[in-house]
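Worksheet: one structure, shown below.
Throughout, read-outs are computed from the coordinates displayed, never taken from laboratory work. Computed from a predicted structure; not experimentally measured. Cβ atoms come from the backbone with ideal geometry, glycine included; neighbour counts cover every protein chain shown.
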Amino acid sequence: MSKSAGKGKRNAASADPDLSAIPAVRLQAEPARRQRRARNLLRRHDRLLEAAKALKAEIAALGGVIVEPATGGLAPRPCNQANLVQTLKRVLSHKPLSVTEAAEAALKAGYRTTSPSFRQIFNSALIRSGEFERVGRGRYQVK
């Protein structure tokens, strides 16, 4: 049996854009049917939210922590006072540093990130910005 075999009547109706074949009574009843369906879905939504709140309370009682899904379930992005290049300038203004040393100094200076590969991002920003020069093997300073 094919996938569409069980849906024959629905597919035929939706494939035919000719509304003149549909009785006026059915067309007039459609907005009310959609309103009822929306109300039912809203009630279901409210019940699910209540169940989620109960689960969240139970998890909290057991010492668990839930990351809110406002950012797709990921940790919220940190907000820095200065962008990465500005932080780089401040860190490298005192003396030439290696990429690893400069990345650690930027984190100590208050730059926040959630990236698991921050050193690679840092290195890329260091090279691409054009505001820094290489002064030795793996060591950079402000131009």
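Observations, loosely collected:
- Relative packing of peptides 54-65, 98-109 - highest average C-beta neighbours within 10 Å first: 98-109, 54-65
- Relative packing of peptides 116-123, 31-38, 130-137 - highest average C-beta neighbours within 10 Å first: 116-123, 130-137, 31-38
- Under 16 Å from the Cα of Lys89 - aspartates and glutamates, other chains or at least 8 residues apart: Glu101, Glu104, Glu131, Glu133
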